[in-house]
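Visitor: Okay, here's the structure, questions in a sec.
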Amino acid sequence: MSEPRILLGYVEQAVAGGVDPLVPAVSVSRNGSLAKWRDKIQLLDLRVNDPGLARYRPAFEETLEKARTLGLETILTLPEYVPEFLEPPPPKAEEPKPAKEVRPAKESKEAREARHAREREAAIEARKLRPYGKPIPVVPVAWFKPCYLAVPRTLPEPDTFQTLSVDDCAPIIELAGTFGLRHVVVPVSEPGLFLDPAASDELRTKLKDLAPLARAANVRLHLRTGGLRLDFFKRLHREIGCGLAFNVGTADLERLNLTETYAAYRDHIEILYLHQVLPGIDKWKGWREAMAASIKKYRAALADYKAAGPAAADVRGKGTPLGTLLRTWHEYTDACKNPNAHLGLFQNGEINLRPILRCIKEDLDAGHERLIVLETVPNMKNAEVLERHLVPEAFTGSL
């Protein structure tokens, strides 16, 4: 029996614009360059957050070339987020240092008290001139708009999503063929946001258009779980021959039985995503909704600040256009923080991964290949967890 191939990889999704849609970032580029992870991973999930490769194609090509040089197998994932960049708040003005008051050699008690009073008044006046809130770094404010091939018509605010066209995806599939890649992953929807009949028909039509392009590029399409009804996947598999990229954390959020689902679809699953989550899809949705709401407030505050003209930069304090802008900026950065998913496999989450790891090990022992992507903050303790539970005793390769 041939020795199984265990390809362990991380996510790279900070290419488009240099920022990551997840906080904390799960991309290797935000936690160390690819060179740092050399000899530690064998697989890279390169998430192409650039529909049609319209803006950042050279950056993606450079990453693919670097991965090829390092001997990493690469999966391309079609766009799931489109980055939009807003102007940041103005930086904190540099405060002039107050001139030191020359003290006499001997200072009376009355003179000392008078000097302290003057210093207190000067400090109060200096605070009035400071920008409201914490210091602001001069970097763009990034908002990642979700995008998919099909979006449910039942969404209360459908404009918060972008619908991808076949033309948005075709250049990415062609790029995969150019670099000799084997797999392209298709995100279907967000966790718990299942496609309605109209959106399902739209996805099916677009996949039928993309399938010939994938065959011509010698790559296989894999639908990623998350808003994907498994009976609908069966139909698409029959018609198109696509595989299933199984996201274990998302499946747990959607309350699927992990081992039963994997066992039922193991013949279609080559790619797995592992990450920990905490209980409740409502918390996950709350996080997404809070980000969307806070970016709306920031856009409105930025428009008011600009409408107030250049003088607004000199009028500081709570309730001023600048003060409101800074407050909404801090609200957005706080809303982006994600404590509910993408924990390390070794950290305390909701999922007991051992049962599904045993199922994966059975397939590895049978000689099947599995591509395992860690959708977590890069940390080699994750690899140690997998090594304990996945690697056969007689395994001579590297993990």
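Visitor: Working with all protein chains in place, sort 167, 252 by solvent-accessible area computed with a 1.4 Å probe, largest first.
Guide: 167, 252
Visitor: Place a +1 charge on the Cβ of each Lys and Arg in the chain and a -1 charge on the Cβ of each Asp and Glu, then give the dipole magnitude about the Cα centre in debye, rounded to the nearest 20.
Guide: 1440 debye
Visitor: Could you give the angle, 0 to 90 degrees to the nearest 10, between helix 281-307's Cα long axis and the longest principal axis of the Cα atoms of the chain?
Guide: Roughly 40 degrees between the two axes.
Visitor: So, one more: Sort 77, 333, 163 from largest to smallest accessible area, using a 1.4 Å probe on the heavy atoms of the protein chains.
Guide: 163, 333, 77
Visitor: Now for a separate question. For 239, 174, write out the residues from largest to smallest accessible area, computed with a 1.4 angstrom probe and no ligands counted.
Guide: 174, 239
Visitor: Can you tell me the orientation of helix 109-129 relative to the chain, as the angle in degrees between its alpha-carbon axis and the longest Cα principal axis, to the nearest 10?
Guide: 40 degrees
Visitor: Over the chain, with every protein chain in place, what whole percent of the accessible area is carbon and sulfur at 1.4 Å, could you tell me?
Guide: 52 percent
Visitor: Still on this structure, please answer the following. Please find, in a Gaussian network model of the chain (springs between Cα atoms separated by less than 10 Å), the residue of 159, 304, 168 whose mean-square fluctuation is greatest.
Guide: So, out of 159, 304, 168, the one fluctuating most is 159.
Visitor: Would you work out the charge dipole size for the stretch 22-98 about its Cα centre, treating the Cβ of every Lys and Arg as +1 and the Cβ of every Asp and Glu as -1, and quote it to the nearest 20 debye?
Guide: Roughly 280 debye for the stretch 22-98.
Visitor: Which angle from 0 to 90°, rounded to the nearest 10, does the C-alpha axis of helix 381-390 make with the longest principal axis of the chain?
Guide: 20 degrees
Visitor: Now, a different point. What value, in deg cm²/dmol to 500, does the helix sum -39500 (n - 2.57) over DSSP H runs of n ≥ 4 give at 222 nm once divided by the residues of the chain?
Guide: -13000 deg cm²/dmol
Visitor: Hey, what's the chain come to in accessible area per residue, 1.4 Å probe, Å²?
Guide: 48 Å²
Visitor: In whole Hz, what ³J(HN,Hα) sequence does the stretch 40-48 give by Karplus (6.51, -1.76, 1.60; θ = phi - 60°), x for Gly and Pro?
Guide: 10, 10, 10, 9, 10, 9, 8, 8, 8
Visitor: Can you tell me the order of 53-63, 182-192 when each peptide is scored by its average per-residue count of other Cβ atoms within 10 angstrom, highest first?
Guide: 182-192, 53-63
Visitor: Among 7-19, 289-301, how do they line up from the highest to the lowest mean number of other beta-carbon atoms within 10 Å?
Guide: For the peptides 7-19, 289-301, the packing ranking is 7-19, 289-301.
The values are calculated or read from the model by the stated rules, or taken from the named source; none is laboratory data. These numbers come from a predicted model, not from an experiment. Every residue, glycine among them, receives a Cβ derived from its backbone with ideal geometry; neighbour counts consider all protein chains shown. Ligands, DNA and RNA are stripped out before the accessible areas are found, and what is left, the full protein with its side chains, is counted by its heavy atoms. Shrake-Rupley method; radii C 1.70, N 1.55, O 1.52, S 1.80 Å.
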